[in-house]
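Chemist: First the structure, then my questions, so here it is.
The values are calculated or read from the model by the stated rules, or taken from the named source; none is laboratory data. Not measured: the values here are computed from a predicted model. Backbone-built Cβ (ideal geometry, glycine too); neighbour counts: all protein chains shown. To get the accessible areas, we keep the full protein, side chains included, count just its heavy atoms, and leave off ligands, DNA and RNA. Shrake-Rupley method; radii C 1.70, N 1.55, O 1.52, S 1.80 Å.
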Amino acid sequence: MRNALCFFCHQDLGQQYHQVQTLGMDKHVRQAAELLEDTALLAQLSEGDMMAREAKYHKRCLTFLYNSARAVSETEKRGTTYEIVVSSVVLAELVSYIEGTTDDKISAPVFKLSDLVKLYTQRMKEHGIKLNQRVHSTRLKERILAQFPNMQEHNMGRDIILAFEDDKGDALAKACEYDHDNDAVHLLRAAQIVRRDMFTEGQGFTGSFSDKCQENSVSTLLMTLVSMILEGPSIDSPRQRSAASLTIAQLLKYNS
Ligand SMILES: [Zn+2]
């Protein structure tokens, strides 16, 4: 007879066993089974309410189940906290990146939301957190807008553009046209910045561009520029840089 066995371990009940007496227990056991993804137990539970079926069990088996479930739920909680902390750090890096771009008056302070989401998602992935881009883009937009009171969103075709209020007209126009003069100015500036950096004894890269990054610049800037050319712009840190970037940066440094 099935009731003579423990509901959980399917062993002989012996002398010391309990019978399910409360309606709530079925629910608690089910929650634990779901947390543990214990499909065998879930299948067993789907056959009917434990109390109605007069299920019997060893107390130690129930305790073991509950303890295992609690351990899993605590690990999940810790994981969530880690994600929140990392997400704040990455947002700060993104804000710093936006500020850095805005400080540079030559370029238009306009950002495509999809680009920012990409940067954010990539960075989170580097920290071992996988995100669904679609789910997170609205939330990220709100978080960015909260950081910049004078920033506004605009729909441009399929893209959402984030632009600063003050420079809106100018910035939108700039973002839409290809400006050769600006490109030349950018190249010149980039070269100047990197040259100054190459002849300065550097400090470590903290993982983001501060507003003083040019003054405190290090050969990391050179690495960053080379990486941007090789791999495209990103808010990533030096540890992601490839060997090719390093080699090219070294060639530049020792030949200038
Ligand atoms: Zn048992």
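Chemist: Would you tell me the accessible area of Arg53, worked out with a 1.4 angstrom probe on the heavy atoms of the protein chains, in Å² to the nearest 10?
Modeler: Approximately 60 Å² of Arg53 is accessible to the 1.4 Å probe.
Chemist: Students often get this wrong, so check it: of Lys77/Lys118; Lys27/Lys125; Lys77/Lys130; Lys141/Lys253; Lys112/Lys253, which have C-alpha atoms separated by over 28 Å? Numbers along the way, then the final one.
Modeler: Details: Lys77/Lys118 26 Å; Lys27/Lys125 36 Å; Lys77/Lys130 16 Å; Lys141/Lys253 39 Å; Lys112/Lys253 34 Å.
From Lys77/Lys118; Lys27/Lys125; Lys77/Lys130; Lys141/Lys253; Lys112/Lys253, over 28 Å: Lys27/Lys125; Lys141/Lys253; Lys112/Lys253.
Chemist: Answer with one residue from Gly128, His10, Gly157: the one whose Cα lies farthest towards the positive end of the charge dipole of region 1-157, charges on Cβ with Lys, Arg +1 and Asp, Glu -1.
Modeler: Final value for the positive-end residue is His10.
Chemist: Starting from the Cα gyration tensor of region 2-57, multiply each eigenvalue by 5, take the square root, and state the resulting semi-axes largest first in whole Å.
Modeler: Values: eigenvalues 65, 34, 19 Å².
Each semi-axis is √(5λ); the values are 18, 13, 10 Å.
Chemist: Moving to a separate point now. If you count only protein heavy atoms and use a 1.4 Å probe, how large is the accessible surface of Ile229, to the nearest 10 Å²?
Modeler: 130
Chemist: Tell me the carbon and sulfur percent of the accessible area for region 19-158, rounded to whole percent, probe radius 1.4 Å. Don't jump to the answer; show the numbers that get you there.
Modeler: Values: 4440 of 8470 Å².
After summing per-atom areas, the C and S share lands at 52 percent.
Chemist: With a 1.4 Å probe and every protein chain left in place, work out the accessible area per residue of region 38-116 in Å², rounded to a whole number. It would help to have the intermediate numbers written out before the result.
Modeler: On the way: 4360 Å² over 79 residues.
Computed with neighbouring chains in place, this is 55 Å² per residue.
Chemist: Count the net charge of all other residues whose Cβ sits under 14 Å from the Cβ of Ser46, scoring Lys and Arg as +1 and Asp and Glu as -1.
Modeler: Working: positive: Lys27, Arg30, Arg53; negative: Asp26, Glu34, Asp38, Glu47, Asp49.
Net local charge, Ser46 excluded: -2.
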